[in-house]
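Report on the following structure.
The values are calculated or read from the model by the stated rules, or taken from the named source; none is laboratory data. The shown structure was predicted, so the numbers you read here are calculated from the model rather than taken from an experiment. We place every Cβ from the backbone using ideal geometry, glycine too, and count neighbours over all the protein chains shown. Side chains included, ligands, DNA and RNA excluded: accessible areas come from the protein's heavy atoms. Shrake-Rupley method; radii C 1.70, N 1.55, O 1.52, S 1.80 Å.
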Amino acid sequence: MAYSSRNQYLSKTEREQAAVLFEALQQAAAAVTAGDRDRQTIIDLVRSHCATVTELDLDYVELVDPVSLLPVEQIDHHALLALAARLGTTRLIDNIVLQTRSPIIAIDGPAGAGKSTVTRAIADRLGLLYLDTGAMYRAVTWLVMETGIALDDEVAIAELVATCDLDMQPQGDGGCVVTMNSMDITAAIRTPEVTANVSTVAAQKAVRESLVKQQQAFGDRGGLVAEGRDMGTCVFPHAEVKIFLTATPAERARRRACDLSAQGYEVDLAQLEADIIERDRQDSTREIAPLSKADDAIELVTDGMTIEAVIEQIIDYTRNDHLSS
Ligand code: DC
């Protein structure tokens with residue numbers, strides 16, 4: 001039953017009768033999950049369920065956009081179903097957000113802000129698919145280097161990206177196996193050489209168009225947490241939750257140094273910081289889909305925060321988004 005202070009005016013019988021409103025909204029949600037999108041179908045369903053309690057006098061049932069509150073004819077991503085009814089002398093109101101798909105969480109930010117660890121953990125805890133789009137740009141960069149094509153030969157790279165077979169297979173531990181033309185390149189795309197060249201390849205129009213199309217196809221059915229640079233601004237502009245995760249270059253260099261030493265590489269901290277600043281510059285000044293915070297993204301500066309605290313905060317935002325929308 002609708003949670004409202006007005007419920008206190010209802011008799012015991014009326015309380016039982018009022019439960020029909022909640023049931024009607026739940027039935028509408030189930031119908032949307034099953035594929036119904038049409039305004040009249042959904043409103044009729046609510047009206048006919050409410051009609052089973054003859055004492056209930058429906059005032060209105062409305063399907064509107066949750067932000068603009070304008071009427072919705074066909075549900076695209078989500079809509080607010082609201083109703084008001086009279087039972088005896090009490091006026092009851094209730095509403096529900098109808099979603100056509102599971103949520104998409106978009107996590108953007110510069111290199112070394114902790115996106116991978118955080119995104120992976122969120123995918124695991126919320127049962128969502130993990131999409132590492134940086135790995136896709138790395139995979140294409142690896143192939144360009146492997147094939148011996150010059151990094152600035154945009155025509156040859158466009159041809160290569162159009163004909164290559166890139167696949168991302170989620171693994172049980174929340175990670176992802178990356179294959180290129182059936183070859184497992186999961187580790188090969190993390191070398192410092194690929195890292196040094198990836199911004200140049202990722203700035204090219206044909207590369208971005210091709211990979212964005214693939215990323216959007218992954219997101220078609222929702223239920224996805226995607227990390228990258230342009231998830232919230234370009235690839236998934238309708239994502240339910242958008243996070244911009246960042247940290248100072250010094251902090252990011254320190255984190256990258258820890259990762260690289262753990263992999264057995266020798267590290268020069270000052271050089272790492274300079275590289276990070278240069279990569280930020282390239283990624284945020286490129287012409288197509290530059291790294292930037294979406295207007296409706298929540299910015300999290302993670303200096304001094306533990307990974308666990310960052311994960312908790314994002315999960316909290318996700319839950320609140322669902323409650324408030
Ligand atoms: O997150 P990462 O370091 O693995 O990303 C590798 C590079 O790919 C990074 O320099 C920027 C680029 N990238 C991008 O341009 N757009 C994305 N959505 C993801 C990554």
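So the values come out like this:
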| quantity | calculated |
| --- | --- |
| Qualifying residue in region 107-118 (condition: more than 15 Å from the ligand (Cβ to nearest atom) and surrounded by 17 or more Cβ atoms within 10 Å (Cβ to Cβ)) | no |
| Tally, over region 133-170, of residues that are among the acidic types (Asp, Glu) and either farther than 17 Å from Ser182 by Cβ or within 11 Å of the ligand (Cβ to nearest atom) (or both) | 4 |
| Pro103, sole failed condition from (1) open to solvent by less than 70 Å² (accessible area, probe 1.4 Å); (2) under 30 Å from Phe244 (Cα atoms); (3) in a loop (DSSP other than H, G, I, E, B) | (3) |
| Any hit, region 215-222, residues being under 28 Å from Ser102 (Cα atoms) and touching a Cys at 6+ places or on another chain (Cβ under 7 Å) | no |
| Any chance Glu240 is open to solvent by less than 40 Å² (accessible area, probe 1.4 Å) and either under 17 Å from Thr119 (Cα atoms) or touching a Pro at 6+ places or on another chain (Cβ under 8 Å) (or both) | yes |
| Residue count, region 78-90 (criterion: open to solvent by 20 Å² or more (accessible area, probe 1.4 Å) and either within 16 Å of the ligand (Cβ to nearest atom) or more than 17 Å from Leu25 (Cα to Cα) (or both)) | 2 |
| Conditions (1) surrounded by 14 or more Cβ atoms within 10 Å (Cβ to Cβ); (2) in a loop (DSSP other than H, G, I, E, B); (3) of a type in the set (A, V, I, L, M, F, W, C); number of the one not met by Val97 | (2) |
| Which listed residue is open to solvent by less than 80 Å² (accessible area, probe 1.4 Å), more than 11 Å from Pro110 (Cβ to Cβ) and free of Cβ contacts under 8 Å to residues at least 24 places away in the same chain, from Ala309, Ala262, Ala294, Ala289 | Ala309 |
| Qualifying residue in region 5-27 (condition: part of a strand (DSSP E or B) and modelled with pLDDT of 95 or more) | no |
| Qualifying residue in region 189-211 (condition: within 21 Å of Ile105 (Cα to Cα) and either touching a residue at least 24 places away in the same chain (Cβ under 8 Å) or in contact with a Phe, Trp or Tyr (Cβ under 8 Å, 6 or more places away or on another chain) (or both)) | yes |
| Residue within region 140-159 that is within 21 Å of the chain's Cα centre (by Cα) and not β-branched (Val, Ile, Thr) present | no |
| Pick from region 252-281, criterion touching a Pro at 6+ places or on another chain (Cβ under 8 Å) and not basic (Lys, Arg), ranking: farthest from Ala113 (Cα to Cα) | Tyr265 |
| Unique residue being of a type in the set (Lys, Arg) and away from the ligand (no atom under 16 Å from the Cβ) when the list is Arg286, Arg279, Arg255, Arg319 | Arg319 |
